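The values are calculated or read from the model by the stated rules, or taken from the named source; none is laboratory data. A quick note: this is a predicted structure, and the numbers were derived from the prediction, not measured. Positions of Cβ are generated from backbone atoms using ideal geometry, with glycine treated the same way; all protein chains shown enter the neighbour counts. All accessible areas refer to the heavy atoms of the entire protein, side chains included, with ligands and DNA or RNA removed. Shrake-Rupley method; radii C 1.70, N 1.55, O 1.52, S 1.80 Å.
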Amino acid sequence: METWDAIRARRNVRDYSDRPIAPEDLDRILEAGRRAPSSRNWQPWDFVVVTDPAQRAALSKVWQYGAYVAHAQAVVALVGAIQAEERQRLWQQFDHGQAVMSMMVAAADLGIGSGHSAVGDQELARSVLGLPDDRVCLSLMPLGYPARRPLAPLRRPNRRPFGEVVHRGRFGSR
Ligand SMILES: Cc1cc2nc3c(=O)[nH]c(=O)nc-3n(C[C@H](O)[C@H](O)[C@H](O)COP(=O)(O)O)c2cc1C
């Protein structure tokens, strides 16, 4: 897929087919995350890739609405450091968002769907992933080929209108 097509085709996928993700494709997605930009290039992330079904099932319980995580072919857990300062915590979240989006576009480019799951039960996530005490799991990104509709550029995305979101020069100028 072209980048522009991958950007338009990415959508939140929660129903995954049984088709496995080739290891080199999974590595390419992770490499996209590794290359993401970050504040002062501090790269405040580690990615724990989970493919084992029992481990995925355990991870699906860290968020009360995360059942779909168990059915993904792979789950990437986004791990950061526990930040003492609020400012650092916010930058870390911002940078994790950049890494997640890079990985999602790389996945879409391969026709692989991606989703998000929040982490409610941090202690469970920490134990399933074997995280050290100074680390935190910020989010989960389940991956898998869509069970139904293959990824294709969305013609009418469910978004606020362009003219409402985009301001020219000054807020409120269209
Ligand atoms: C920070 C964040 C957390 C999210 N958490 C969840 C979640 O826990 N469960 C879920 O089904 N979707 C989750 N989503 C997906 C959004 O609901 C989804 O991206 C949004 O509705 C737009 O739809 P689209 O991704 O198909 O374009 C999350 C998205 C973000 C950015």
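Would you kindly identify the helices (runs of 4 or more DSSP H) lying entirely within region 16-110 that contain at least 1 residues that are more than 26 Å from residue 133 (Cα to Cα) and open to solvent by 50 Å² or more (accessible area, probe 1.4 Å)?
In region 16-110, 23-34, 86-109 are the helices (runs of 4 or more DSSP H) which contain 1 or more residues that are more than 26 Å from residue 133 (Cα to Cα) and open to solvent by 50 Å² or more (accessible area, probe 1.4 Å).
Just for region 150-174: of the residues that are within 15 Å of the ligand (Cβ to nearest atom) and without any contact (Cβ under 8 Å) to a residue 40 or more places away in the chain, which one is least open to solvent (accessible area, probe 1.4 Å)?
Among those residues, the one meeting the criterion is 165.
Checking the condition more than 24 Å from residue 31 (Cβ to Cβ) and within 15 Å of the chain's Cα centre (by Cα), which residue from 118, 74, 99, 106 passes?
That would be 118, the only listed residue that is more than 24 Å from residue 31 (Cβ to Cβ) and within 15 Å of the chain's Cα centre (by Cα).
Could you list all residues from region 138-168 that are touching a Leu at 6+ places or on another chain (Cβ under 7 Å) and farther than 26 Å from residue 17 by Cβ?
138
Would you confirm whether any residue within region 69-82 is without any contact (Cβ under 8 Å) to a residue 24 or more places away in the chain and either within 16 Å of residue 146 (Cβ to Cβ) or among the hydrophobic types (A, V, I, L, M, F, W, C) (or both)?
yes
For residues that are among the hydroxyl-bearing types (Ser, Thr, Tyr) and buried (at least 18 other Cβ atoms within 10 Å of the Cβ), scanning just region 111-143, find the one that is nearest to the ligand (Cβ to nearest atom).
Here the answer is 117.
In region 77-106, how many are over 20 Å from residue 42 (Cα atoms) and either of a type in the set (Val, Ile, Thr) or within 12 Å of the ligand (Cβ to nearest atom) (or both)?
Selection size over region 77-106: 2.
So, in region 111-138, how many residues would count as being part of a helix (DSSP H, G or I) and among the hydroxyl-bearing types (Ser, Thr, Tyr)?
Adding up the residues that qualify gives 1.
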